[in-house]
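*Asks:* One structure, as structure tokens, below. Some questions next.
The values are calculated or read from the model by the stated rules, or taken from the named source; none is laboratory data. Quick caveat, the model's predicted, so the values are computed rather than measured. Neighbour counts run over all protein chains shown; Cβ positions are idealised from the backbone, glycine included. Each accessible area value is taken on the protein alone, full model and side chains, heavy atoms only, with ligands, DNA and RNA left out. Shrake-Rupley method; radii C 1.70, N 1.55, O 1.52, S 1.80 Å.
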Amino acid sequence: MDELIAGRVAVVTGGARGIGLAVVEAIAARGVAVVCLDTPDADLDGFDAACRAAGVASRGVGVDVRDQAAVRDAVAGARDLGRVSYAVNCAGVDGLVESAGMSASEWNRVVDVDLDGVMYACQAEHDAMGRLGGSIVNIASMSGHIVNRGVTHAAYSAAKAGVIHLSKALAVEWAPLGIRVNSLSPGYTLTAMTRRNPPEVNAGFAAQTPLGRLAQVEEVAEPVVFLLGDRASFVTGTDLLVDGGFCAW
Ligand SMILES: NC(=O)c1ccc[n+]([C@@H]2O[C@H](COP(=O)([O-])OP(=O)(O)OC[C@H]3O[C@@H](n4cnc5c(N)ncnc54)[C@H](O)[C@@H]3O)[C@@H](O)[C@H]2O)c1
């Protein structure tokens, strides 16, 4: 059974860096063309280089996932490269704000990107896949399962819990079309998002993780490829925790 079918097209949101870029590299290495949606000011050099190195077609589009119409147009354009069978929705932001007194704009900044943006991407990917079917993986977080110790980010946690349940709802609605929808919840992973933390904070995260460290981005990307491909052909509406055992403790 093929992991992914070479020659098909994948859409990846937030693919300019971090977990999204590692997902792009893992998908491109399987011969799949990639269309990346990231913010208009994102540096797409890493994305371009990864696709060039793998010898696959690619397109980077500057689009904010909060813009439903722009996301729809960008994903529809992915069909220029071939049949869209795969999508990974990775674009996300965090916001470390205490809940009492959190402004509406701070709440919305996180929820609009992390939950609404995933919904808009899924809608567009559903349209691009159509009745030929496909597979969507939404990047949630273990923060959608548990409340992180010592971190105040209720909007992020609520949005990620929403992504997990949204994925289940879409999986049921779209199963008759042959579109599988799953989410994947990383634990603490070394990216720009976590490198911003003081070293003692990341050391604390590592100490709270049974495997004793943060994940490398590749350790998240490979399970994404599993969920995307036909080896997971009977897996839909589930969430895969990739957290070094954090939530088991
Ligand atoms: N790093 C972690 O420890 C961790 C843990 C659990 C879940 N996650 C999730 O994994 C995903 C990737 O995180 P990361 O650590 O690689 O973060 P990152 O900040 O390195 O990358 C996020 C990417 O999303 C893009 N993005 C942000 N807002 C956007 C918008 N409005 N429109 C389009 N693109 C936008 C950014 O430009 C960037 O390329 C996020 O959804 C994050 O919540 C990360």
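*Asks:* Identify, please: which residue in the range 137-166 is farther than 12 Å from Ser185 by Cα and polar (S, T, N, Q) and is, among those, farthest from the chain's Cα centre (by Cα)?
*Replies:* Thr152
*Asks:* Please verify whether Arg30 is crowded, with 17+ Cβ neighbours inside 10 Å, of a type in the set (D, E, K, R), assigned to a loop (DSSP other than H, G, I, E, B) and touching a residue at least 24 places away in the same chain (Cβ under 8 Å), treating the condition exactly as stated.
*Replies:* Yes.
*Asks:* Which one of these is open to solvent by less than 30 Å² (accessible area, probe 1.4 Å) and either in contact (Cβ under 8 Å) with a residue 12 or more places away in the chain or touching an Asp or Glu at 6+ places or on another chain (Cβ under 9 Å) (or both): Val84, Val93?
*Replies:* Checking each option against the conditions leaves just Val84.
*Asks:* Within the range 190-204, can one find any residue that is crowded, with 21+ Cβ neighbours inside 10 Å, touching a residue at least 12 places away in the same chain (Cβ under 8 Å) and within 16 Å of the ligand (Cβ to nearest atom)?
*Replies:* No - not one qualifying residue is present in the range 190-204.
*Asks:* Going through the range 193-249 one residue at a time, which ones are among the small types (Gly, Ala, Ser) and on the phi < 0 side of the Ramachandran plot?
*Replies:* Once the filter is applied, which keeps residues that are among the small types (Gly, Ala, Ser) and on the phi < 0 side of the Ramachandran plot, the range 193-249 yields Ala203, Gly204, Ala206, Ala207, Ala215, Ala221, Gly229, Ala232, Ser233, Ala248.
*Asks:* Same structure, new question: Give me a count of the residues in the range 166-184 that are open to solvent by 30 Å² or more (accessible area, probe 1.4 Å) and closer than 22 Å to Phe246 by Cβ.
*Replies:* Number satisfying all stated conditions: 1.
*Asks:* Within the range 123-146, can you find the residues that are away from the ligand (no atom under 14 Å from the Cβ) and either part of a helix (DSSP H, G or I) or farther than 20 Å from Ile27 by Cβ (or both)?
*Replies:* Across the range 123-146, the qualifying residues are Gln123, Glu125, His126, Asp127, Ala128, Met129, Gly130, Arg131, Leu132.
*Asks:* If Leu211 satisfies every condition in (1) open to solvent by less than 70 Å² (accessible area, probe 1.4 Å); (2) in contact (Cβ under 8 Å) with a residue 12 or more places away in the chain; (3) under 18 Å from Ile19 (Cβ atoms) but one, which is the exception?
*Replies:* (1)
*Asks:* Output the residue which, of all residues in the range 96-122 that are more than 11 Å from the ligand (Cβ to nearest atom) and within 13 Å of Val65 (Cα to Cα), is least open to solvent (accessible area, probe 1.4 Å).
*Replies:* Filtering the range 96-122 for residues that are more than 11 Å from the ligand (Cβ to nearest atom) and within 13 Å of Val65 (Cα to Cα), the one least open to solvent (accessible area, probe 1.4 Å) comes out as Cys122.
*Asks:* Of Gly187, Gly150, which residue is open to solvent by 60 Å² or more (accessible area, probe 1.4 Å) and not polar (S, T, N, Q)?
*Replies:* Being open to solvent by 60 Å² or more (accessible area, probe 1.4 Å) and not polar (S, T, N, Q) holds for just one of Gly187, Gly150, which is Gly150.
*Asks:* Condition first: open to solvent by less than 50 Å² (accessible area, probe 1.4 Å) and within 13 Å of the chain's Cα centre (by Cα). Now tell me which residues in the range 214-241 satisfy that.
*Replies:* Val217, Val220, Ala221, Pro223, Val224, Val225, Leu227, Leu228, Asp239
*Asks:* Another question, then. Would the range 216-238 turn up any residue that is in contact with a strand residue (DSSP E or B) (Cβ under 6 Å, 6 or more places away or on another chain), within 19 Å of Val151 (Cα to Cα) and outside any helix (DSSP H, G or I)?
*Replies:* no
*Asks:* Mind listing just one residue for me: the one in the range 59-71 that is buried (at least 18 other Cβ atoms within 10 Å of the Cβ) and over 16 Å from Cys90 (Cβ atoms) and, of those, nearest to the ligand (Cβ to nearest atom)?
*Replies:* The residue in question is Ala70.
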